[in-house]
Amino acid sequence: MEHRTSPTPTGADQQKNQANRLAVLVTGASGGIGRAISQAFGEIGWYVGVHYYQNESAAETTLGQVLKVGGTGSTYAADVREPESVRRMFDQFSRNTQGPIAVVCNAGIGQSELLVRHADHIWDNVLATNLTGTFNCIRAASKVMMKQRAGKIINITSVVAEMGNKGQANYCAAKAGVIGLTKAVARELASRNIQVNAIAPGFVETDMTATLPEAAKEAMLQAVPLGRVGTPEDVAGMAVFLASSEADYITGQTLNVDGGMVMA
Ligand code: NAP
């Protein structure tokens, strides 16, 4: 079974994609970056599993956008911290499709707290959502992908995993964990033709960053050589590329989409 697509398909490619039901599950698709990623896959005719946790109406809005631009899809609810909840979601998704060809592990939270004041439950929740949640989704998706002998796993980490950030010990540790997880799983699944990569966005304007103090936003902007904040669409373009056959020879990598904030 051939499951390939180009990031810039022709109309004929789009029809072919729909016939093959190329399917992606995007976690956190009720949020800003997940919505843009979902829409970008919709634009190239994929079936999009629009995942949400609590905000069902935002997920319905995302699904509406996917359908409007020519994709198909459904909404799926799960708490990514809970393995059973994630397993049920992937079972349901696989019943509706031929299984995920790509999964974008995008669900995440930030709960900033200075180290000395850091409450245990905040540490646990940030690690559980960002790191264990990604692990739970990868594990569930890989079972189907291994049978298909094809798949693309795309994890959303952050530049702060590479740079560190004051007040974000929990988030930086979790997102750095996602980079290690990406490399380990990339090695483990390579023989099954499954590519595993991470995207590290810089400062992107979404609900997550909307509550940051203006001074913090201004300081972050000063650190961006390209001189502007990122958009969810900037990240979405990279996700679609990594899910395409053009990225078949890329695995275990972290691709920064950050306007040049981090240069290795
Ligand atoms: P957002 O708008 O706040 O969306 C967060 C998403 O995560 C929502 O869909 C939310 O679902 C979901 N979520 C939260 N807790 C969950 C749980 N326990 N189980 C399942 N889903 C859960 O955030 P965003 O800015 O789009 O961020 C998306 C990803 O990019 C995150 O991993 C974030 O860390 C990363 N990132 C963001 C930036 C940035 O500047 N915005 C930079 C670097 C990395 P509900 O709303 O339905 O509950």
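The values are calculated or read from the model by the stated rules, or taken from the named source; none is laboratory data. Just so it is clear, the model here is predicted, and its values are computed rather than measured. Methodologically, a virtual Cβ is constructed for each residue, glycine included, from the backbone with ideal geometry; neighbour enumeration extends over all protein chains shown. In case anyone asks, the SASA skips ligands and DNA or RNA and just uses the protein heavy atoms, side chains included. Shrake-Rupley method; radii C 1.70, N 1.55, O 1.52, S 1.80 Å.
For region 115-132, give me the residue count where each residue is within 14 Å of the ligand (Cβ to nearest atom) and outside any helix (DSSP H, G or I).
Residues that pass the stated criteria total 0.
Within region 72-80, can one find any residue that is at pLDDT 95 or above and more than 18 Å from the chain's Cα centre (by Cα)?
yes
Please specify each residue of region 174-209 satisfying the condition of being more than 19 Å from the chain's Cα centre (by Cα) and either in contact (Cβ under 8 Å) with a residue 40 or more places away in the chain or open to solvent by less than 60 Å² (accessible area, probe 1.4 Å) (or both).
Scanning region 174-209 gives Arg187, Ala190, Arg192, Asn193.
Inspect region 90-98 for any residue being closer than 29 Å to Gly164 by Cβ and either touching a helix residue (DSSP H, G or I) at 6+ places or on another chain (Cβ under 6 Å) or at pLDDT below 95 (or both) and give the result as yes or no.
no
Considering only region 72-100, state which residues are more than 21 Å from Asn125 (Cβ to Cβ) and open to solvent by less than 10 Å² (accessible area, probe 1.4 Å).
Passing the criteria: Tyr76, Phe90, Phe93, Gly99, Pro100.
Could you tell me whether region 147-167 includes any residue that is among the charged types (D, E, K, R), under 15 Å from the mean Cα position of the chain (by Cα) and modelled with pLDDT of 95 or more?
The answer is yes; a qualifying residue exists.
Would you say Asn170 is in contact (Cβ under 8 Å) with a residue 12 or more places away in the chain, in contact with a His (Cβ under 9 Å, 6 or more places away or on another chain) and more than 21 Å from Val48 (Cβ to Cβ)?
So Asn170 fits the description; yes.
Which members of region 241-264 meet the condition of being of a type in the set (Val, Ile, Thr) and over 10 Å from Val196 (Cα atoms)?
Val257, Val262 - these are the residues of region 241-264 that are of a type in the set (Val, Ile, Thr) and over 10 Å from Val196 (Cα atoms).
Given the conditions (1) free of Cβ contacts under 8 Å to residues at least 40 places away in the same chain; (2) over 22 Å from Phe135 (Cα atoms), report the number of the one that Glu113 does not fulfil.
With (1) free of Cβ contacts under 8 Å to residues at least 40 places away in the same chain; (2) over 22 Å from Phe135 (Cα atoms) applied to Glu113, the lone miss is (1).
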